[in-house]
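What follows is a single structure, written as structure tokens, with notes after it.
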Amino acid sequence: MIHRIELTIKPHLSDPHGQKLLQQLKALYSFPIDNVRTLSAYVFQNSANPSTVSELCQSVLADPVLHESRINQFFGDEFDFDWYVEVEYRPGVTDNVGRTAQETFEAWLGNPFAEGEHVHSLRGYFFKGKLIRSDLETITHQFLMNDLIERASIISHSEWPELRENLLSIPEVKLTNPVKVETFCFDSSASLMQFSRERTLSLNFEEAEVILDYFSQPTILEQRKAEGISEEPTDVELEILAQTWSEHCKHKIFNATVDYFNTNTGESETIHSLYKTYVKGSTARIRESMGKDDWCVSVFSDNAGIIRFNDEWNIAMKVETHNSPSALDPYGGALTGIVGVNRDIIGTGMGAEMIFNTNVFCFASPFYDQPLPPKLMHPKRIFEGVRLGVEHGGNKSGIPTVNGAIVFHERFLGKPLVFCGTGGLIPAKINGTASFQKTILPGDLIVMVGGRIGKDGIHGATFSSEALHENSPATAVQIGDPIVQRRMYDFLLEARNQGLYRCITDNGAGGLSSSVGEMAQLSNGCHLELDKAPLKYPGMQPWEIFISEAQERMTVAVPPKHLRAFLALSESMNVESTAMGMFNDSGLLKASYQNQTVAFLDMKFLHDGLPPMNLKAVWTPPDLKEPEFELPGNLTRVLHSLLGRLNICSKERVIRQYDHEVQGGSVIKPLVGVYNDGPSDAAVIRPVLESMEGLAIANGICARYSDIDTYHMMACAIDEAVRNVIAVGGSLEQIAGLDNFCWCDPVESDSNPDGSYKMAQLVRANQSLYELTTLYGVPCISGKDSMKNDYHFGEIRIAIPPTVLFTTVGKIADVRKTITMDVKSPGDRVYLLGETQDEMGASEYYDFLGYLGKNVPCVNGKQAKRRYLKVSKAISEGLLRSCHDCSDGGLAVALAESAFAGGYGMELDVAELFGKSAIRIDKLLFSESQSRFVVTVSSQNSEKFENLFTGNACYYLGDVVENPQLMIKRNGESIVNETIWDLKESWQSTLR
Amino acid sequence: MKTPRTLILSGYGLNCDKETAYCCRLAGGNTVDVVHTSKIIRGEIQLKDYQFLIFIGGFLDGDDLGAGRVGANRFKYGILQRTDLKLHDQLIEFVEADKLILGICNGFQVLVKLGLLPATGNRHNIQEVSITSNANNQFENRWVHLKVNPNSHCIFTRGIPHLYLPVRHGEGRIEGDREEVLKNLLVRNQVPLQYASPENEVTERYPDNPNGSPWGIASMSNQKGNVMGLMPHPEAFHHFTNHPHWTRLTFQGENSEEGEGLSLFKNAYRYLND
């Protein structure tokens, strides 16, 4: 029979969940809500009788102190309420709470649930107040749930007696189509293209041609006949090809042949792959120049880049984006993003341990108050959903979230960007072999480990290669389960240490088609038996099994002699592992279903058959000019406004909700200073607790500058990420970079008329990356691109500003020498390092005034490099007491932040600096010129310090003072004068 | 007594094993075993072979049914495979043999839900209090001042004047069905640590008290003092560089690099080696 268990908090105890909900709803809406009570419920089918279920509830579910419970009865019959809302997952959506409840019930009952029977978790809300149905509909659909993955019942008090029985239904997946493999005959590329559109395969015309050509070659047809598979392609094969050749998996734009024309200089050139020329090209050159000191171990070939940490350990790092799914389901999308990039680390080399997470988000303003274009969510909702997703993904996995940023720009309304990064630690050698190497021998078994396969995320890879449109499929969203993944991870590390598998990779975009497809390259062939796959529910089509992106799965190659031990260990740690076929050296990717071959593709064709795209790039600098305006009368007031701007203000509320200290190696936290609330430039951790060596982790992201020139946007992002590492005590001796490009569609077409300009923006960003990384000696070790971050709906088009997140990981020789940005004591001297120029283009100051401007900040790499070397030396010699990088908002913001983080004032005079820079005072204070630091030095070290920086743009500004006042003067005339507490209040209040 | 053996349970969403084991070794633990809980259930590892048992922090089973609930069920109803021995009974034996149990964060939640804390009248199997959602209903990672009760019998906090440690939880508010339950704990000195202001005054005010726990209750021990649970993470402060603003402080003396959190572990080994 169907059972329903309901739990509520006892009425005399407080219900923080209900209280917070009420508070949030009152802040968002003007509806007359008097009270909200929450309820949690579980519905399931089981042969146990009600008294057993009652005992079950009391024993394992209800907290005797907190809860009241009802079995097969409704609190709704007893409570005084006006409306009841119940939210449940749609059939087939991952229900983590339901899964945990089921395992607990099974353990207590002593027998498993029947196949296909599940425990479903539900959330209920009792509302009291003079509300009408439309109020409840608004609250429910905008706030309580996401229609894409959940459904709700809204019941008024008067409807209750009649409708309550409906609450006993169970949302099971029922697949009614017969399981079969279809074959398709295409008479032309056009008909294949038509098919591709209908099934969201995202194939382009050239790809369709190549596929048809393959399936008409006589040798291929003969081969297929001998195998007993149709001459025509099967649905499984077409889906594999579409996945493997998707922009998401193949990076076609970065590998395209580009004709670049610069109308400014009149020069043109042909670039054969931006990726090979600039990204891989710069790393290769840097590695060559490092010679035998090269600390790169494995770059651009594995799931993550690997660098040397010390003789015993290597570090792996990867950053991914999860933009499209986060736009549809911010919570699930972001959660899946973080647990997804975690799996990249678990699947790097022989498998690494996860030691830190980073996350960077780009949103439109949470205070956006214009009508929303169709199908878009309010940025505030996206912000909160993404934040919660990363909180659950990171915290529950036991990985500290050490560094991040939140960037705001109005055009991120069209597509939010969600970057999730993970760092890993791996012994340089495991069981005597270098751990970064990946090998598979013919005969090794294909074993899938972890969760079961469902319809989750089907077409995720092809979907993210498309702009959001009217028919975006709902199945493109998955929800990760960090606990199932954690169990799998515990098991895999144990199996790794026991030497039970030979190779490992993750199942991410494209699912098995991509993991097995890629691994099979190592042995040159495989045979996968799709009918062996463990499924969440019956009735899945073979092609769905092959490309499903159901989460928490890894694929490993297990030598036959270890299979028994591998499976036994797996079972003992409550992890499901299934042997699904064998790797071989046939040169073919073969998949079968119930002994019938359903896919039979040449490996070479699958992986190298794709012709490179040809793209056009034309650079015409935008026609911009500098604004002319009067000097604002009160620069203190301007400073207040800048400190409160979204891109500058404190993100403490978000940071506090992430565990940034688990694993015990935290050295410099995201929040520093006397009250633990100042903005740290970079994180420092000790990955190996027994060692004083550390890692500094930072990022740079300067999306606003793209509207002037992406060349400088890229350079500024790299410079920011590098100088943040330098600011805490890192050095150019060992800093690795990761580049994550998020672009708007750069492929020109009728519907995308300025594609060649966006492509030119991409070319320029790459050229800049090459030049500055080679100059600094900061090699990129891993990267990713997401190229279709556009929104179009009818006439409305929103393209994000071209954005690159540059993440840096620097080696720290001794963490005890690192420093933070907060000023330390009165009497210390305050210096600015670096030149300040009239570079206000796209600055926070100009944006505040409503201007874009023209003079975007330009990085002078050679000068910057000399400064960075000296700053590292000064920090290692203990000469600096604090160091803070100047970025958004410029010098004045950096000074204010350093002062209030340290709890002391400053008395400064900028006369000398002003004289040297020859720019107007407001520009001097707010220019975003790159490669600058505000540092403080004790008076006894000041001479040594000044000697070190002689001739390298070093300006003494004044002193740290006890009086908590920021006083900036010019020749004695007051420019800024304000208490640090008021400045701090402006900085903290925006997103408190 | 021979060298004490320490057992740290891991698995099913627990995650502070690395740093907790490190603290034990730094504090003098020679044999420190991190063991997947399934090995206990299968009887491959026996509790009776250990003197110090640590329930570490993490998210057991995702805290999906309430923090520590499923983890507690695993011990409460778990039966050693191929025997009829109850895991819960073994835990009670462990306590009654005057061995040490420490529950940190998620581990504290498990001990409370198992009834091993506060264990009034030495009954170790009845849940008397609960630990539930923070008053502001959100997870927080922040450092807190803890006032130490000098009259507590708790072995772990002996001689410690004051502690400054991080909390990292969403469910840390102690709740009693009846008010006197919690009051009695204070009266019987079963609350070794309370959230305090920087001036060492016990507080219920956010953020010095991060979760709204009444009377600032941050910790509990049984009456004998050999079982302790606490929400803050002592294992997260084993080195001075873990301190959130260590770059502003000077550390002097012989053990100047040690973090304050180690003192709880040192007390444990001092007791066990005695």
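Being of a type in the set (A, V, I, L, M, F, W, C) and either closer than 30 Å to A:GLU206 by Cβ or in contact with a helix residue (DSSP H, G or I) (Cβ under 8 Å, 6 or more places away or on another chain) (or both) is the requirement here; does A:VAL258 meet it? Yes; evaluated as a whole, the condition is true for this residue. Restricting A:VAL747, A:VAL674, A:VAL667 to residues that are under 24 Å from the mean Cα position of the chain (by Cα), aliphatic (A, V, I, L, M) and either more than 25 Å from B:TYR22 (Cα to Cα) or surrounded by 24 or more Cβ atoms within 10 Å (Cβ to Cβ) (or both) narrows the list to A:VAL667. Here A:VAL360 fulfils each of the conditions (1) buried (at least 24 other Cβ atoms within 10 Å of the Cβ); (2) of a type in the set (Val, Ile, Thr); (3) more than 14 Å from every other protein chain (Cβ to nearest Cβ) apart from (1). For B:SER38, the conditions (1) more than 12 Å from every other protein chain (Cβ to nearest Cβ); (2) within 30 Å of A:HIS392 (Cβ to Cβ); (3) in contact with a Ser or Thr (Cβ under 7 Å, 6 or more places away or on another chain) are fulfilled apart from (1). Looking across the range B:4-35, the residues that are out of contact with any helix residue (DSSP H, G or I) (no Cβ under 8 Å at 6 or more places or on another chain), of a type outside the set (Asp, Glu) and more than 7 Å from chain A (Cβ to nearest Cβ) come down to B:ALA21, B:ARG25, B:ASN30, B:THR31, B:VAL35. Quick one: is A:GLU978 under 17 Å from A:GLU835 (Cβ atoms) and either touching a Leu at 6+ places or on another chain (Cβ under 8 Å) or in contact (Cβ under 8 Å) with a residue 12 or more places away in the chain (or both)? Against the criterion (under 17 Å from A:GLU835 (Cβ atoms) and either touching a Leu at 6+ places or on another chain (Cβ under 8 Å) or in contact (Cβ under 8 Å) with a residue 12 or more places away in the chain (or both)), A:GLU978 does not qualify. Candidates are the residues of the range B:46-66 that are at pLDDT below 95 and acidic (Asp, Glu); the one that is farthest from A:GLN102 (Cα to Cα) is B:ASP63.
Listed by first and then second residue, the pairs linking a residue in the range A:8-33 that is under 16 Å from A:SER69 (Cα atoms) and away from chain B (no Cβ under 12 Å) to a residue that is of a type in the set (S, T, N, Q) and part of a loop (DSSP other than H, G, I, E, B), with Cβ atoms under 8 Å apart and 6 or more places separating them unless they lie on different chains, form an empty list. Every test in (1) among the basic types (Lys, Arg); (2) within 30 Å of A:LEU606 (Cα to Cα); (3) in contact with a helix residue (DSSP H, G or I) (Cβ under 9 Å, 6 or more places away or on another chain) is passed by A:LYS280 save one, and that test is (3). One residue stands out in the range B:110-145 among those that are within 18 Å of B:MET228 (Cα to Cα) and among the charged types (D, E, K, R): the one that is surrounded by the fewest Cβ atoms within 10 Å (Cβ to Cβ), namely B:ARG123. Within the range A:874-891, residues that are in the same structural domain as A:TYR846 (by TED's automatic domain parsing) sit with their Cβ atoms under 6 Å from residues that are aromatic (Phe, Trp, Tyr), at 6+ positions apart or across chains, in these pairs: A:LEU879/A:PHE945; A:CYS883/A:PHE933; A:ASP885/A:PHE933; A:GLY890/A:PHE926. Could you tell me whether the range A:766-787 includes any residue that is over 14 Å from A:LYS811 (Cβ atoms), free of Cβ contacts under 8 Å to residues at least 60 places away in the same chain and within 14 Å of another protein chain (Cβ to nearest Cβ)? No, because not a single residue in the range A:766-787 is over 14 Å from A:LYS811 (Cβ atoms), free of Cβ contacts under 8 Å to residues at least 60 places away in the same chain and within 14 Å of another protein chain (Cβ to nearest Cβ). Of all residues in the range B:172-197, those satisfying the criterion of being surrounded by 22 or more Cβ atoms within 10 Å (Cβ to Cβ) and in a loop (DSSP other than H, G, I, E, B) are B:GLY172, B:GLN190, B:VAL191, B:PRO192. You will find that of A:ASN431, A:ASN403, A:ASN395, the residue that is modelled with pLDDT under 95 and closer than 19 Å to A:ILE315 by Cα is A:ASN431 and no other.
Name the residue that is farthest from the chain's Cα centre (by Cα), counting only residues in the range A:826-864 that are part of a loop (DSSP other than H, G, I, E, B) and among the acidic types (Asp, Glu). If we take residues in the range A:826-864 being part of a loop (DSSP other than H, G, I, E, B) and among the acidic types (Asp, Glu), then A:ASP828 is farthest from the chain's Cα centre (by Cα).
Output the residues belonging to the range B:99-138 that are in a strand (DSSP E or B) and away from chain A (no Cβ under 11 Å). The answer is B:LEU100, B:ILE101, B:LEU102, B:GLY103, B:ILE104.
Looking at the range A:917-971, the strands (runs of 3 or more DSSP E) lying wholly inside it that each contain 1 or more residues that are touching a strand residue (DSSP E or B) at 6+ places or on another chain (Cβ under 6 Å) and among the polar types (S, T, N, Q) sit at A:933-937, A:965-970.
With a requirement of 3 or more residues that are at pLDDT 90 or above and surrounded by fewer than 16 Cβ atoms within 10 Å (Cβ to Cβ), the helices (runs of 4 or more DSSP H) lying completely within the range A:82-176 that satisfy it span A:133-139, A:160-163. Of the strands (runs of 3 or more DSSP E) lying entirely inside the range A:634-722, the ones with 2 or more residues being more than 12 Å from chain B (Cβ to nearest Cβ) are found at A:694-700. Picking from residues in the range A:365-391 that are out of contact with any Cys (no Cβ under 8 Å at 6 or more places or on another chain) and surrounded by 24 or more Cβ atoms within 10 Å (Cβ to Cβ), the one that is farthest from B:TYR12 (Cα to Cα) is A:ILE382.
Quick one: would you say A:ALA101 is of a type in the set (A, V, I, L, M, F, W, C) and touching a strand residue (DSSP E or B) at 6+ places or on another chain (Cβ under 7 Å)? Yes, satisfied. Looking across B:PRO214, B:PRO207, B:PRO232, one residue alone is in contact (Cβ under 8 Å) with a residue 12 or more places away in the chain, under 17 Å from B:VAL148 (Cα atoms) and surrounded by fewer than 24 Cβ atoms within 10 Å (Cβ to Cβ). It is B:PRO214.
Residues in the range B:235-252 that are over 22 Å from A:ASP828 (Cα atoms) and facing chain A (nearest Cβ under 7 Å) were compared, and the one that is surrounded by the fewest Cβ atoms within 10 Å (Cβ to Cβ) is B:THR241. Within the range A:555-575, the residues that satisfy the criterion of being within 14 Å of chain B (Cβ to nearest Cβ) and either among the hydroxyl-bearing types (Ser, Thr, Tyr) or in a strand (DSSP E or B) (or both) are A:SER570, A:SER572. Considering the range A:45-81, the residues that are within 14 Å of chain B (Cβ to nearest Cβ) and not in a helix (DSSP H, G or I) include one that is surrounded by the most Cβ atoms within 10 Å (Cβ to Cβ), namely A:ASP63. Filtering the range A:868-890 to residues that are buried (at least 24 other Cβ atoms within 10 Å of the Cβ) and in a helix (DSSP H, G or I) leaves A:TYR868, A:VAL871, A:GLY890. Filtering the range A:190-218 to residues that are assigned to a helix (DSSP H, G or I), at pLDDT below 90 and hydroxyl-bearing (Ser, Thr, Tyr) leaves only A:SER196. On the basis of being under 21 Å from A:GLY664 (Cα atoms) and either in contact with a Gly (Cβ under 7 Å, 6 or more places away or on another chain) or in a helix (DSSP H, G or I) (or both), does A:LYS380 make the cut? So A:LYS380 does not fit the description; no.
The values are calculated or read from the model by the stated rules, or taken from the named source; none is laboratory data. As the structure is a prediction and not an experimental result, all values here were calculated from the model. Quick reminder, even Gly has a Cβ in these numbers, built from the backbone with ideal geometry, and neighbours come from all protein chains shown.
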